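Here it is, the structure, as structure tokens.
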Amino acid sequence: MVQISDPLILPCGTVLPNRIAKAAMSEQLANRRHAPDHRLRELYGRWSKSGAGLLITGNVMIEPGAVSEPRQAVLDSAEHLAAFARWARAATDNATGVWMQINHAGRQIPRYLRRRPTAPSAVPMSGGLGMYGLPRELSAAEITDLIAGFANTAQLAIRAGFTGIEIHAAHGYLISQFLSPATNTRTDEWGGSPERRRRFLLAVVEAVRAAIGPDVPLGVKINSADFQRGGFSEDESLAALEALGALGKTHLDLVEISGGTFESGAMVGLAEQPTRASTRAREAYFLRFAERARERISTPIMLTGGFRSRAGMQAALDAGVNVIGLARPMALAPEFPRRLLDGTGADFDQGAESGARRGPVFLRAAADVMWHTEQLGRIARRREPDPRSNATASLARMLAGHGVSALACRLSR
């Protein structure tokens, strides 16, 4: 029986020392020029001692026009490569692997950052209190440039010392938008059927693999489903996973399964499916889907969302999951993996969370994310997390800060 302390050999030959990964979270700790500074080094230096076998960064965008938050990191040239190298060194200080999650927000960009974002199709965001503008449909030439942009960022990340790459194809960002029939209404070679809608994802994976070579770990984060009417379904997700597998073992080393978008909030436990009683009993939001995926693909599977106890993690491993992804617990208990591995601590206290469960889904999801982001900021300033802080107050502070930061971002470009 596989244990969380067991190593995992990835298809490329890289060995993860155990089955626990720090999953991506929104950090918002880059400077005004979208370069990492001492705060990200401090945060990842702390996590490098956490015991986790793998650290995955929050979003690093492939170009400045792709950011969905004012203080996101952007890696599109060698201008700030030394700063990224310092970040990578801090994260790998204890021989921990660190993968850069690379992304483009597509239409999921607030108006104050980009009035007319680009997307597969001109389909506006629902909800969001008017924060998001109507996107412009990408041209075929722009799509080709974006594929090259993902490859460029991946190559620069490896040059900087990051040990692997994760392509973000979930949570309603650009690649997720291509995959979903609700947001991709194109009729050309990039849309119109499930096969053509997933063509962009496959092209990005192939371009990134070519850029980083065969020996560097490469993962993809994908939705089990969007949890929206007419959106990306579980059956389409399974077909996409099979198509990724068909690229061959040399292409993909890990598939991280998540779910939802900013509009549904499933990734933070707010959509209907993750809150079913049976799901709560099993902890993991998307375990049922992971079990279906295990029957269809041989690629190692990482499952993220809902894990709070060693028993829940072991149940997922017994069901065929290969890596346990921890996100929010790592914002409140940075050494949680070490406690799990050596048996010195209790399960994660589920009461020590934001409690953002009232109001529209968009506001609840935003409050939850921002509350956890504030906890990361505390760690980055060498302070301990504060589980007693109020999520609504966090939302207000972050929105106020976004106004100032967004203006500073515009002025610094």
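The values are calculated or read from the model by the stated rules, or taken from the named source; none is laboratory data. These numbers come from a predicted model, not from an experiment. Positions of Cβ are backbone-derived with ideal geometry, glycine not excepted, and every protein chain shown enters the neighbour counts. Heads up: the accessible areas ignore ligands, DNA and RNA and are worked out on the full protein's heavy atoms, side chains in. Shrake-Rupley method; radii C 1.70, N 1.55, O 1.52, S 1.80 Å.
Can you run down the residue pairs with Cβ atoms below 6 Å, 6 or more apart or on separate chains, where the first is in the stretch 15-33 and closer than 20 Å to S394 by Cβ and the partner is buried (at least 22 other Cβ atoms within 10 Å of the Cβ) and acidic (D, E)?
As it stands, the answer is Q28/E69, since those pairs meet every condition given.
Residues of the stretch 180-196 being without any contact (Cβ under 8 Å) to a residue 60 or more places away in the chain and either surrounded by fewer than 19 Cβ atoms within 10 Å (Cβ to Cβ) or over 18 Å from the mean Cα position of the chain (by Cα) (or both), which ones? Spell out the reasoning first.
Of the stretch 180-196, the ones without any contact (Cβ under 8 Å) to a residue 60 or more places away in the chain are 180-182, 187-189, 192-196.
Residues satisfying the conditions are P181, A182, T187, D188, E189, G192, S193, P194, E195, R196.
If D386 satisfies every condition in (1) open to solvent by less than 50 Å² (accessible area, probe 1.4 Å); (2) at pLDDT 90 or above; (3) under 28 Å from E166 (Cα atoms) but one, which is the exception?
(3)
Could you tell me how many of the residues in the stretch 38-70 are out of contact with any Phe, Trp or Tyr (no Cβ under 9 Å at 6 or more places or on another chain), of a type outside the set (A, V, I, L, M, F, W, C) and surrounded by 23 or more Cβ atoms within 10 Å (Cβ to Cβ)?
Total meeting the criteria: 3.
For the stretch 197-211, which positions are of a type in the set (D, E, K, R) and open to solvent by 30 Å² or more (accessible area, probe 1.4 Å)?
Within the stretch 197-211, R198, R199, E206 meet the criteria.
Only one of these is aliphatic (A, V, I, L, M) and assigned to a strand (DSSP E or B): I175, I147, I102. Name it.
I102
Among the residues of the stretch 41-49, is any among the aliphatic types (A, V, I, L, M) and in a strand (DSSP E or B)?
No, because not a single residue in the stretch 41-49 is among the aliphatic types (A, V, I, L, M) and in a strand (DSSP E or B).
What pairs come out if I take residues in the stretch 1-13 that are of a type in the set (G, A, S) and pair them with residues that are surrounded by 12 or more Cβ atoms within 10 Å (Cβ to Cβ) whose C-beta lies under 7 Å away, six or more apart or interchain?
What qualifies is S5/N18; S5/L341.
Among residues belonging to the stretch 245-263 that are hydroxyl-bearing (S, T, Y) and open to solvent by less than 10 Å² (accessible area, probe 1.4 Å), point out the one that is farthest from G97 (Cα to Cα). Working first, answer last.
First, the residues of the stretch 245-263 that are hydroxyl-bearing (S, T, Y): 250, 258, 261.
Within this subset, residues satisfying the condition of being open to solvent by less than 10 Å² (accessible area, probe 1.4 Å) are 258, 261.
Numbers: S258: 21, T261: 28 Å.
Only one residue tops the list, namely T261.
Checking V74 against (1) within 18 Å of E166 (Cβ to Cβ); (2) hydrophobic (A, V, I, L, M, F, W, C); (3) in contact (Cβ under 8 Å) with a residue 60 or more places away in the chain, which test does it fail?
Here V74 clears every test but (3).
Let me ask something else. Would you check if R116 is in contact with a strand residue (DSSP E or B) (Cβ under 7 Å, 6 or more places away or on another chain) and either open to solvent by 10 Å² or more (accessible area, probe 1.4 Å) or among the charged types (D, E, K, R) (or both)?
yes
Same structure, new question: Please determine, by comparing only the residues of the stretch 281-334 that are at pLDDT 95 or above and acidic (D, E), which one is most open to solvent (accessible area, probe 1.4 Å).
Here the answer is E295.
If D226 satisfies all but one of (1) crowded, with 22+ Cβ neighbours inside 10 Å; (2) modelled with pLDDT of 95 or more; (3) part of a loop (DSSP other than H, G, I, E, B), what's the number of the condition it fails?
For D226, the failing item is (2).
Exactly one condition in (1) open to solvent by 20 Å² or more (accessible area, probe 1.4 Å); (2) over 22 Å from F150 (Cα atoms); (3) part of a loop (DSSP other than H, G, I, E, B) is not met by P214; state its number.
P214 satisfies all of (1) open to solvent by 20 Å² or more (accessible area, probe 1.4 Å); (2) over 22 Å from F150 (Cα atoms); (3) part of a loop (DSSP other than H, G, I, E, B) except (2).
While we're here: What number of residues in the stretch 84-99 are open to solvent by 10 Å² or more (accessible area, probe 1.4 Å) and among the hydrophobic types (A, V, I, L, M, F, W, C)?
Counting residues in the stretch 84-99 that are open to solvent by 10 Å² or more (accessible area, probe 1.4 Å) and among the hydrophobic types (A, V, I, L, M, F, W, C) gives 3.
Out of all the residues in the stretch 129-179, which are of a type in the set (D, E, K, R) and open to solvent by 10 Å² or more (accessible area, probe 1.4 Å)?
Once the filter is applied, which keeps residues that are of a type in the set (D, E, K, R) and open to solvent by 10 Å² or more (accessible area, probe 1.4 Å), the stretch 129-179 yields R136, E137, E142, D145, R159.
Quick grid of which residues meet (1) modelled with pLDDT under 80; (2) more than 29 Å from T373 (Cβ to Cβ); (3) among the aromatic types (F, W, Y):
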residue: S237; (1), (2), (3): no, no, no
residue: T250; (1), (2), (3): no, yes, no
residue: D253; (1), (2), (3): no, no, no
residue: G259; (1), (2), (3): no, no, no
residue: G269; (1), (2), (3): yes, no, no
residue: E272; (1), (2), (3): yes, no, no
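Mind checking which pairs have a first residue in the stretch 197-223 that is closer than 13 Å to L252 by Cβ and a second that is of a type in the set (S, T, N, Q) and part of a helix (DSSP H, G or I), Cβ under 7 Å, 6 or more apart or different chains?
Listed by first residue and then by second, the contacts come to I212/Q155; I222/S237.
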